[in-house]
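Everything below concerns the one structure shown next.
The values are calculated or read from the model by the stated rules, or taken from the named source; none is laboratory data. No experiment lies behind these values; they were computed from the predicted model shown. FYI the Cβ positions are ideal-geometry reconstructions off the backbone, even for glycines, and counts take in every protein chain you see.
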Amino acid sequence: MLSNELLILSILTLAMIGILGIILVYLMIRKAMDIKISKRIDHCKEKYNPLISLILTEGGLSRELTAKTALQRKAIEELLSRYTKVLEREEEKKRLSKLAALYLTDDYQKRLKSMRWSTRMNTLYQIEDFGMDHLLNDVYMLLKRRRLSHQELIHILRILALFHFGPLFELLTNHYNHLSEYEYRNILLRLEQRQFDQFVLNFHKSELPLQKAIVDVISIKKELSYLSFLENIFSNYSGEVKLRALKALAVIGYVKNIEPYLELLYSSKWEERMISAKLIGKLKEEKGVPRLIELLHDQSWWVRFQAGQSICQFLNGKEILRLVLESSKDSFAKDMAWEWLHKGE
Amino acid sequence: MLIIQWDDIVTTFAWGIAVYMVIVIFFYSVILVISMFQLRKEYKLDRVLAYEDYLDEIYTKPISIIVPAYNEEAGIVHSVRSLLSVNYPTYEIIVVNDGSTDHTLKKMIDHYDMKEIKRVVRKQVNSKPISKIYQSAIFAHLFLVDKVNGGKADALNVGLNFSQYPYFCSLDGDSVLEQDALLKVMKPIIDSNGDVIASGGSVRIANGCQIQNGQIQNIGLSDKPLVVMQIIEYLRAFLMGRIGLSRHNLLLIISGAFGVFSKSWVIEAGGYRTDTVGEDMELVVRMHRLLKEKGQRKKIVYVQDPVCWTEVPEDITTLRRQRRRWHRGLFESLWIHRKITLNPKYGSIGLLAFPYFWIVEFFGPMIELSGYIFMILGLFLGGIYIEFAILLFFLSCLYGSIFSMAAVLLEEWSLTKYPKVSDIIKLFLYSLTETIWYRPLTVFWRCEGVWQMLRGDKSWGEMKRKGVLE
C-alpha cells in the first residue's frame with residue numbers, strides 16, 4: 001500500500017522545511033552582520049582618510065591612526081588600496097609601503113599561511129600592490145607549501161621578480177621550466193636589467209616558451225641595447241623564434257644592415273613576408289618599395305594588407321597606391337590599394 | 001476488475017514520476033555541490049585586484065564587439081554609449097544594422113557623426129551583402145555596417161567578416177555591460193594561453209535597477225512578481241547550472257546576450273547558422289563537436305561574475321513567446337547534432353551533457369506537465385490519492401525552493417549584490433510560491449513550443465522593448 005510511502009514522503013517534507021529554515025536564518029543573519037560591519041568600516045575609513053592622506057603627502061606618522069582591531073586594519077587596508085591607484089610620485093609610493101609595513105605585516109604573514117586559497121591569493125596581490133618587499137622571504141617560503149595552486153605559483157614568481165630576488169634565475173631555469181610563454185613574459189617584465197641579462201645570456205639553452213618570452217619582453221620594452229642580440233637570433237634561428245625576433249626589430253624600427261631583410265621579402269613563408277614588409281615600412285627603406293608593390297599582389301590577404309600599410313608609411317605612398325589602382329590588372333591588389341587610399345577619410 | 005487495473009496504471013504512473021523526480025534532483029544536487037566547492041574556494045577573492053593586471057595592453061588581446069541591431073532606434077545610442085566606456089585596452093565596436101525599417105541607421109549616423117569609409121571585407125563566412133560602411137568621426141574605433149536584412153545570425157556573420165581582431169564578442173542591443181566585463185571574460189582566455197576558445201559570463205536582470213548613461217547605478221529588486229521569479233530562475237541557472245557544467249567542460253550554452261569567442265575557431269566551425277532560432281547554443285555545440293572531431297583539448301568556460309545586465313519581459317504575452325522560442329531553439333540545437341547523443345566518440349559531451357539536456361531540459365517540461373495533470377487527477381480519485389497528491393505537491397514546492405535558496409546562498413557567498421535583508425526575505429517568499437503558479441506556466445509554455453513545432457508553425461515574436469536603458 002501507499003501508506004508506507006506516505007510516511008517517508010512526510011518525513012522528507014519535514015526535513016526539507018528544516019533545511020529551508022536553516023538556510024533562510026543563516027542568510028538573514030549574514031546579511032545583517034555584513035551590513036553592520038561594512039558600516040563600521042566605512043565610519044572608520046572616514047576618520048582615517050584625512051590622516052593617511054596627510055602622511056602620504058607630507059610624511060611622518062600619526063598617533064591617532066591606531067590599528068588595534070581587525071576592523072581598523074581592514075579600513076586602513078582599503079584606504080591604502082585606493083591610494084595605490086592614484087599615487088604617482090616615488091616618495092609617496094615609498095611612504096605607502098612604509099605604512100603598509102607598519103600596520104599590515106603581522107596580518108599578512110598570518111594570511112599567507114591561511115588554509116583558504118582566496119585569502120592567500122588576495123594577500124599576494126596586496127603585497128605586490130603595496131610593494132612590501134620586506135615580506136620577500138615569507139612569499140618565498142610559500143613556494144615550499146604542499147599543494148600549491150598554479151595561479152599562486154605564478155604570482156609568487158612574479159613578486160620575487162619584482163622584489164629582485166637573487167636566485168630567481170635558478171628557480172626559473174631549473175625548477176619551474178615548464179611554464180607557458182605568457183607566464184614567463186609576465187614574470188620577466190618585472191625584472192630589472194641586470195637580472196634580465198642573465199636570461200639573455202642563457203637564451204640558447206632555454207626552452208622555446210622562455211625564448212619567445214625573452215624576445216617579446218625586449219620588444220615590449222623597446223630596448224635598443226639588445227639590438228645586436230635580436231639580429232643575432234634572427235640570423236641563427238628559424239621558425240617561430242626567428243619570426244618573433246623579426247617582429248621585435250619591426251617594433252624597434254632599426255637594423256644595422258638591411259640586406260637580409262630585403263631578401264626575406266621573397267621568403268616562401270607568408271608570415272615572414274608579412275613581418276619583413278612591416279619592418280621595411282617602419283624603416284622607410286626605399287630599396288624595398290618595388291618588392292612591396294609586388295607583395296600587394298601576394299596570395300595571402302595578410303601580406304597584401306601589410307604591404308599596403310607599409311607603402312602608406314612612405315612620403316609618396318599614396319601616389320604609389322594610386323598608380324597601382326590605375327595600372328594593375330589584379331583585382332585583389334586593386335582592392336587593397338583602394339582600401340589603404342581611403343583609410344581614415 | 002477494471003478498477004484494480006486502473007489502480008495499477010495510476011500507481012505505475014506515480015512511480016514513474018517519482019523516479020524522474022529523483023533523477024532530476026540527483027542531477028541538480030551533483031551540480032549544486034560542484035558549484036558550492038568552486039564558489040567556496042573563491043570566497044571573498046578580491047576580483048578587482050585580479051583584473052587590474054589585464055588592463056595593461058601588453059597582456060590583453062584586442063576584441064571586436066559586434067552589436068547586431070534590427071529596429072533598435074529606442075536603445076541603440078545608449079547601448080553604444082555604454083560600450084564606449086568599457087574598461088579595456090584595445091577594442092572596436094561594430095554595429096551591424098540588419099536592414100532596419102526604422103531610424104536606427106540615421107540615429108547612429110547623427111549621434112556619433114558616422115562618415116562613410118571604404119574597406120575591403122574578407123568573406124570568411126557566408127552572409128548577405130554589405131551596402132555601406134561607416135566610421136565615427138568622434139570615436140575611431142566605432143564602426144557601423146549597413147546590410148540587407150537577414151536575421152540576427154546573419155548580422156553576426158557580417159560582423160565576423162568585418163572584424164579585424166582575433167577575438168570577438170556578441171552582444172544584444174538591449175544589454176548593459178559592466179565596466180570590467182571584457183576583462184572578466186577574457187581572463188580565462190589569456191590565462192590559459194589560448195586553450196580556452198570561448199567564454200561567457202553570467203547575465204543578470206536589469207529590470208528594477210537604476211541605469212544611467214549606460215551604467216548600472218543602483219541594484220534593486222523589481223516589484224513585479226514575474227520579474228522576481230525570473231531573477232530567481234537566472235540565479236539558479238547561472239550560479240548553479242553553468243558553474244557546475246563549466247567545471248567539467250560540459251557547457252553547451254553561452255548566453256547570446258554576452259560571450260567572447262576566438263574568431264578563428266568560430267570561422268573554422270562555419271560561423272552562425274541562420275536557419276535556427278537558437279543560433280547561440282547551436283554554435284557552441286558545433287564548436288564542441290569540432291573540437292572532439294579534431295581531437296583538440298580546448299575548452300569553453302563560464303565566468304561567474306555578472307558581466308551583463310539585460311531586460312527581461314514584464315508581461316505574460318512576451319514571456320510566453322520568449323519561452324516557446326527558447327524551447328524550440330534548444331530542440332533545434334539538440335536535433336541538428338543528435339548524432340552526438342550517447343556517442344562515446346564525443347566523450348562527456350555525448351555521454352553526459354547531451355543526455356542531461358535531452359532528459360532534464362527538453363523532455364522535463366512534458367513530464368512535469370503530466371505530473372501536474374496527475375496531481376489534479378489524484379484529487380478526483382479520492383482516498384489515499386488525495387494525500388499522495390498533496391504530499392507530492394508540497395514536496396515539489398519545497399525541493400524547488402531549496403534549490404532556489406541554495407542559489408541565493410551561492411550569490412551571497414560570491415557577489416552579494418542585493419543590498420537589503422528584506423530582499424532576501426522577498427526572494428525566499430517568492431521562491432516558495434514558484435510551484436503554484438510560475439513553474440506550471442513556464443512548463444505549459446515550453447510544451448506549447450513543442451506543440452507549435454510539431455504543427456510546423458514557424459512564427460515567433462520579437463521582444464517588445466520597454467527601454468529600461470533610458
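Can we say A:Asp129 is more than 14 Å from every other protein chain (Cβ to nearest Cβ) and either buried (at least 20 other Cβ atoms within 10 Å of the Cβ) or under 29 Å from A:Gln72 (Cβ atoms) (or both)?
Values: more than 14 Å from every other protein chain (Cβ to nearest Cβ): no; either buried (at least 20 other Cβ atoms within 10 Å of the Cβ) or under 29 Å from A:Gln72 (Cβ atoms) (or both): yes.
Answer is no for this residue.
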For region B:110-121, give me each residue that is within 13 Å of chain A (Cβ to nearest Cβ), more than 14 Å from B:Glu92 (Cβ to Cβ) and charged (D, E, K, R).
B:Lys115, B:Glu116, B:Lys118
Residue among A:Lys287, A:Lys269 that alone is more than 14 Å from chain B (Cβ to nearest Cβ), surrounded by fewer than 16 Cβ atoms within 10 Å (Cβ to Cβ) and touching a Leu at 6+ places or on another chain (Cβ under 8 Å):
A:Lys287
Taking region B:20-45 and the residues there that are within 13 Å of another protein chain (Cβ to nearest Cβ) and under 25 Å from B:Leu369 (Cβ atoms), the one that is surrounded by the fewest Cβ atoms within 10 Å (Cβ to Cβ) would be B:Val22
Cβ-Cβ below 8 Å, separation at least six or inter-chain, first residue in region B:279-294 and in a helix (DSSP H, G or I) and surrounded by fewer than 22 Cβ atoms within 10 Å (Cβ to Cβ), second modelled with pLDDT under 95 and basic (Lys, Arg): which pairs?
B:Arg286/B:Arg273; B:Leu291/B:Arg297; B:Leu291/B:Lys298; B:Lys292/B:Lys345
Please report, ordered by residue number, the helices (runs of 4 or more DSSP H) entirely within region A:235-345 with at least 2 residues that are polar (S, T, N, Q) and under 21 Å from A:Lys222 (Cβ atoms).
A:301-313
Could you list, ordered by first residue, the pairs with Cβ atoms under 8 Å in which the first is in region B:122-140 and within 13 Å of another protein chain (Cβ to nearest Cβ) and within 22 Å of B:Ile109 (Cα to Cα) and the second is in a strand (DSSP E or B) and aromatic (Phe, Trp, Tyr), at least 6 apart or interchain?
B:Ile133/B:Phe143; B:Tyr134/B:Phe143; B:Gln135/B:Phe143; B:Ser136/B:Phe143
Might you check whether a residue that is modelled with pLDDT of 90 or more, basic (Lys, Arg) and farther than 21 Å from A:Arg244 by Cβ occurs anywhere in region A:196-211?
no
Any idea how many residues of region A:149-182 are touching a residue at least 24 places away in the same chain (Cβ under 8 Å), of a type in the set (Ser, Thr, Tyr) and either away from every other protein chain (no Cβ under 13 Å) or buried (at least 20 other Cβ atoms within 10 Å of the Cβ) (or both)?
1
Identify all residues within region B:395-415 that are within 7 Å of chain A (Cβ to nearest Cβ) and modelled with pLDDT under 80; write none if there are none.
B:Leu395
Select from region A:79-99 the residues that are closer than 17 Å to A:Ser38 by Cα and either surrounded by fewer than 16 Cβ atoms within 10 Å (Cβ to Cβ) or in contact with a Cys (Cβ under 8 Å, 6 or more places away or on another chain) (or both) and list them in ascending order.
A:Arg82
Considering each residue of region B:179-196, count those that are more than 21 Å from A:Arg185 (Cβ to Cβ) and outside any loop (DSSP other than H, G, I, E, B), and give that number.
3
From the list A:Leu65, A:Leu24, which one is away from every other protein chain (no Cβ under 14 Å) and either over 21 Å from A:Ala101 (Cα atoms) or not acidic (Asp, Glu) (or both)?
A:Leu65
Quick test of your reading of the structure: A:Leu102 fulfils all but one of (1) within 20 Å of A:Gln126 (Cβ to Cβ); (2) within 14 Å of another protein chain (Cβ to nearest Cβ); (3) surrounded by 12 or more Cβ atoms within 10 Å (Cβ to Cβ). Name the failing condition by number.
(2)
Would you mention how many residues in region B:427-457 are surrounded by fewer than 17 Cβ atoms within 10 Å (Cβ to Cβ) and basic (Lys, Arg)?
1
Among the candidates A:Asn49, A:Asn4, residue that is among the polar types (S, T, N, Q) and within 14 Å of chain B (Cβ to nearest Cβ):
A:Asn4
Which numbered condition A:Ser300 fails, given (1) closer than 30 Å to A:Asp335 by Cβ; (2) out of contact with any Phe, Trp or Tyr (no Cβ under 7 Å at 6 or more places or on another chain); (3) surrounded by 14 or more Cβ atoms within 10 Å (Cβ to Cβ):
(2)
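What do you reckon, is A:Ser81 in contact (Cβ under 8 Å) with a residue 40 or more places away in the chain, within 30 Å of B:Glu411 (Cβ to Cβ) and within 14 Å of chain B (Cβ to nearest Cβ)?
Yes, satisfied.
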